[in-house]
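Here the structure comes first, spelled out in structure tokens, and everything after it is commentary.
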Amino acid sequence: MNTLRIANGRVLRPDHSIAEADVLIDQSTGDIDRVAAPDEIDATAEETLDAGGGLVVPGLVNAHGHAPMTLLRGYADDKPLDAWLQEDIWPAEGELTAEDIRVGTELAAVEMIRTGTTGFVDMYFEEPHVAGVVESSGLRAMLGHGFVSVGKSEEGAREDMEKSVNFAEQYDGLAGGRISTAVMPHSLTTVNEELLREAVERAREADLPVHIHANETEDEVAPIVDERGVRPLAYAEDVGLLADGDFLAHCVHVDDEEIELLADSEAVAVHCPASNAKLASGIAPVAEMLDAGVTVGLGTDGAASNNDLDMFDEIRDAAMLGKLGADDAAAVPASAAVRMATEGSAAALGFDSGRIEAGANADLAVVDLDAAHLTPEHDLVSHLAYATSGQDVRHTVCDGEVLMEDREIQTLDAEAVKERAEEQAEALADRVA
């Protein structure tokens, strides 16, 4: 087998203990072969990455986002969700071209690789172009065409739903298995009941998960309660959601009964703390969800509402806002926040990653600990949650392949990507003006 050895560093074990160990990767399968003390690995690797002075951690997994929206970073800020969407984002998205989608996704890929993210979700449109970037960048991703029925004719809405199902069926398993797919209705309030039920049924027939926005703002909760007399997640369960593999973005305004529904189901909630804070959507009751046994992943949402894709920032936000929301400094401790961005997000997407142990996907990052803000080393898990930045990542590996070595991206021309993105973003803004 072709092997890659991550040598001379320390490793974050699944129980969050820290061990001096090397990681041996079987590049033919893209999986971790062994994690052991250096003198216990006698294999000679074809390639070695030096992790000296660093901590090997699971690659972070961004469980909810809209990658091409990097082109709209800073385009419209400081507004509530509905006004932001209707006045700024939707008009701009109406002018997006396929080339914009490709270039925006490339920019997102550069940002994620540089900050230690190895897997991500994309809910957007022109998804074949997103898939092409996943293929070339070396990242792992779950992709889906997000569809809506509001503002569309019956025929147009159905065509949009069919596009989501067809893309999911055709692209699942591509890029050597690094691409997986889901059927992605946009939300419980932007897709009518008939199409929502049909999309869920089609997903079940194709053995595909469903990803959807849920309970992001109070304005998304009230219409369902007023029209149907039930809370949104009860409605979601009624239309067939909350099954194994389904995952719901945001879950900010969930009550105790909805938390119990999630806990009793196989569905995963994906917390997006920075976006929810910036849009003043609210603080999700993450501590209560975790205490109830809900599996919680972590996502950045799009760069237009965050405004970066650094998952280490998101870990910190999840811990800080979790404490504020619970009015309890002990809520959402460092270890829980780190698990959300690794094991929790991997569980949401069905990735066999989020942990460093034999048999898992070889998706990992090496965090350089040689920085003033990571000194002294009282508790490295605490540092990952509260002090680490994506700029501290030295190496990034996905599926056993080196995507970044010593801060140099190997799979994309980062400078050329940034230059193209600037040009495309300027041209887009001119078209919208």
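The values are calculated or read from the model by the stated rules, or taken from the named source; none is laboratory data. Since the model is a prediction, treat every value here as computed from it, not as a measurement. Here Cβ is always computed from backbone atoms with ideal geometry, including for glycine, and neighbour counts include all displayed protein chains. In case anyone asks, the SASA skips ligands and DNA or RNA and just uses the protein heavy atoms, side chains included. Shrake-Rupley method; radii C 1.70, N 1.55, O 1.52, S 1.80 Å.
Some notes on this structure:
- FRET efficiency, 1/(1 + (r/R0)^6) with R0 51 Å, evaluated for Glu155 and Asp308 via beta carbons: 0.85
- Computed over the chain, the per-residue total of -39500 (n - 2.57) for DSSP H runs of n ≥ 4 gives a 222 nm mean residue ellipticity of -11000 deg cm²/dmol, rounded to 500.
- Considering every alpha-carbon pair of the stretch 278-400, the percent of pairs per 10 Å bin, from zero through the bin containing the longest distance, is 12, 41, 37, 10, 0.
- Once the Cα atoms are used to define both axes, helix 218-228 deviates from the longest principal axis of the chain by about 50 degrees.
- Taking every protein chain into account, the accessible area of the chain amounts to 38 square angstrom per residue (probe 1.4 Å).
- Placed amide H near Gly297: partners under 5 Å, 5+ positions off or other chain: Ala269, Val270, His271
- Counting Cα-Cα pairs of the chain in 20 Å increments starting at 0 gives whole-percent bin shares of 28, 59, 13, 0.
- Legend: residues Asp308, Asp172, Asp327, sorted from most to least accessible area (1.4 Å probe; ligands, DNA and RNA excluded), read Asp327, Asp172, Asp308.
- The reciprocal of the average 1/r between distinct C-alpha atoms defines the Kirkwood hydrodynamic radius, which for the stretch 16-128 equals 17.6 Å.
- Only lysines eight or more places from Lys79 in sequence, or on another chain, were considered; those with a Cα closer than 24 Å are Lys278.
- For the stretch 1-87, the relative contact order works out to 29 percent when only alpha carbon pairs closer than 8 Å and six or more residues apart are counted.
- Loop sites in the stretch 98-170: chymotrypsin sites (Phe, Trp or Tyr not before Pro), DSSP, at most 10 other Cβ within 10 Å: none
- Of all beta bridges that DSSP places with both ends in the chain, some 45 percent have antiparallel geometry.
- Rolling a 1.4 Å probe across all protein chains gives Ser335 an accessible area of roughly 40 Å².
- Of the Cα atoms belonging to the stretch 97-167, the radius of gyration and Dmax stand at 13.6, 43 Å.
- Prolate/oblate/rounded label for the stretch 142-199 (Cα gyration tensor, a/c 1.5): prolate
- Global geometry of the stretch 329-406, whether rounded, prolate or oblate, following the gyration tensor of its Cα atoms and the 1.5 cut on a/c: oblate
- Reciprocal mean inverse distance between Cα atoms of the stretch 49-115 - Kirkwood radius, Å: 14.3 Å
- Diffusion coefficient (Stokes-Einstein, Kirkwood radius over C-alpha pairs, 10 °C, 1.306 mPa s) for the stretch 87-216: 105 µm²/s, rounded to a whole number.
- Residue order by solvent-accessible surface for Glu111, Glu426 is Glu426, Glu111, largest first, with ligands and nucleic acids left out and a 1.4 Å probe.
- Counting only the Cα atoms, the stretch 220-331 fills a convex hull of 106 Å³ per residue.
- Share, in percent, of DSSP beta bridges within the stretch 1-147 that are antiparallel, nearest 5: 45 percent
- Value of relative contact order over the chain, rounded to a whole percent, pairs C-alpha under 8 Å and six or more apart: 22 percent
- Spacing of the two label points (7 Å from each Cα toward its C-beta) at Ala43 and His378, in nm: 3.9 nm
- Per residue, the average separation of C-alpha pairs within less than 8 Å and at least 6 apart gives the stretch 134-291 a relative contact order of 17 percent.
- The residues neighbouring Ile101, those whose beta-carbon lies less than 9 Å from its own, together hold a net charge of -3 under the Lys/Arg +1, Asp/Glu -1 convention.
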